[in-house]
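The values are calculated or read from the model by the stated rules, or taken from the named source; none is laboratory data. Keep in mind the model is a prediction, meaning the values are calculated, not measured. A quick note on method: Cβ atoms are made from the backbone with ideal geometry, for glycine too, and the neighbour counts reach across all protein chains shown.
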Amino acid sequence: MNNALRIFTCGSNSALTEEICERLGIDASPLTISRFSNDNLHVQVRENVRERDVFVVQSFSEPVSDHILELMITLDALRSASARRVTAVIPYYSYARSDKKDAPRISITGRLIADMLVTAGANRVLTMDLHADQVHGFFSVPVDHLSAIPIIVDHFRKTHDLSSIVAVATDAGGAKRVGRFSERLGVPMAIIDKRRVSDTDVKQGQVVGDVSGRDVVIFDDEIATAGTLVATIDTLKAAGARSIHVGAVHGVLCGPAIERLRDADIQSIVVTNTVHVPEHKRLDKITVLSVAPLLGAAIERIHSGESVGALF
């Protein structure tokens, strides 16, 4: 297997790629990304990929546009180098949040980026916990959509007394996701009645469910600026929650997120390394779990033609 498999990393999350390669027992293949004097990106594949099965790992994290363009150029370079199959491994697909036309004269950007990836040369996509499941259908090539929920559930099962835990969805849109989390964890769930005023401003109402005197786990697909999270904490405290913990797959932690989380009344925060979390953002209350074993197993199964669904 290792003779035909090649794994490349762009600039967003090289540490995760190294973990994946370590699990598979191979080295990451060399790739040079540089800039010309006019700020144009230049990508050169530094290894023979002719008739190879190639995987390129890149999360859409800050700076998002640069990382997307790095991936597009890399995919095109690999296609031009006669790779047999190119799989874009996108642990965090940020534009999945742009999944609908909810205002006049806007782009459904989740679909646009999906089309661009295929045009650039992606024969397949491997991703994790899309913000909206329907984004899976935006792609015209096969997509393997993994979930880190079992990894986070295992962590809470090992570190918490589940008898008093309630899983909480920050809004009705996340209820299905939190339902899967709570069912797997074996705990009840509650939902916050939330109205989004803007991208960074939310208005919350009542808690649907019983959280009084309980330890709650707020679960979501990502933590961006943590604005929704802070508002949720205030709502849950007013409803009588005893202690608050947070679980999320993608620890984006942008803008004022770290300051908000540092000051927030949260006992623990669990995220994964789908997005690289640098040391200066790793508060004592933040635990970062690795998804490398799951992604490595999926890559191995895609390469060998085995079922990826069997992982779950």
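General remarks:
- Sub-7 Å Cβ pairs linking a first residue in the range 111-136 that is assigned by TED's automatic domain parsing to the domain that holds residue 222 to a second residue that is not in a loop (DSSP other than H, G, I, E, B), at least 6 apart or interchain, number zero.
- For beta carbons closer than 9 Å, sequence separation of 6+ or different chains, a first residue in the range 283-309 that is part of a strand (DSSP E or B) and a second that is among the polar types (S, T, N, Q), the qualifying pairs are 286/268; 287/159; 287/268; 288/272; 288/273; 289/272; 289/273.
- If only residues of the range 139-164 that are among the aliphatic types (A, V, I, L, M) and in a helix (DSSP H, G or I) are counted, the one that is surrounded by the fewest Cβ atoms within 10 Å (Cβ to Cβ) is 162.
- Criterion (of a type in the set (D, E, K, R), in contact with an Asp or Glu (Cβ under 9 Å, 6 or more places away or on another chain) and at pLDDT 95 or above) met by exactly one of 161, 129: 129
- Matching residues in the range 246-275 - criterion: being in a strand (DSSP E or B) and either buried (at least 21 other Cβ atoms within 10 Å of the Cβ) or of a type in the set (Val, Ile, Thr) (or both): 246, 247, 248, 249, 250, 251, 269, 270, 271, 272, 273
- Screening residue 273 on (1) touching a residue at least 40 places away in the same chain (Cβ under 8 Å); (2) of a type in the set (S, T, N, Q); (3) under 26 Å from residue 94 (Cβ atoms); (4) out of contact with any strand residue (DSSP E or B) (no Cβ under 7 Å at 6 or more places or on another chain) shows it passes everything except condition (4).
- Exclusive hit being under 27 Å from residue 6 (Cβ atoms) and surrounded by fewer than 16 Cβ atoms within 10 Å (Cβ to Cβ), set 278, 293: 293
Listed here are the residues, each with its yes/no results for (1) in the same structural domain as residue 52 (by TED's automatic domain parsing); (2) hydrophobic (A, V, I, L, M, F, W, C); (3) modelled with pLDDT of 95 or more.
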residue	(1), (2), (3)
209	no, no, no
230	no, yes, no
250	no, no, yes
257	no, yes, yes
300	yes, no, yes
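To keep it simple, each residue is scored yes or no on (1) over 23 Å from the mean Cα position of the chain (by Cα); (2) buried (at least 21 other Cβ atoms within 10 Å of the Cβ); (3) modelled with pLDDT under 95.
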position: 171; (1), (2), (3): no, no, yes
position: 174; (1), (2), (3): no, yes, yes
position: 184; (1), (2), (3): no, no, no
position: 193; (1), (2), (3): yes, no, yes
position: 196; (1), (2), (3): no, no, yes
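- Inside the range 90-110, residues that are of a type in the set (D, E, K, R) and under 25 Å from residue 291 (Cβ atoms) make up a count of 2.
- Residues of the range 28-75 that are crowded, with 20+ Cβ neighbours inside 10 Å, within 18 Å of the chain's Cα centre (by Cα) and part of a loop (DSSP other than H, G, I, E, B): 58, 59, 60, 61.
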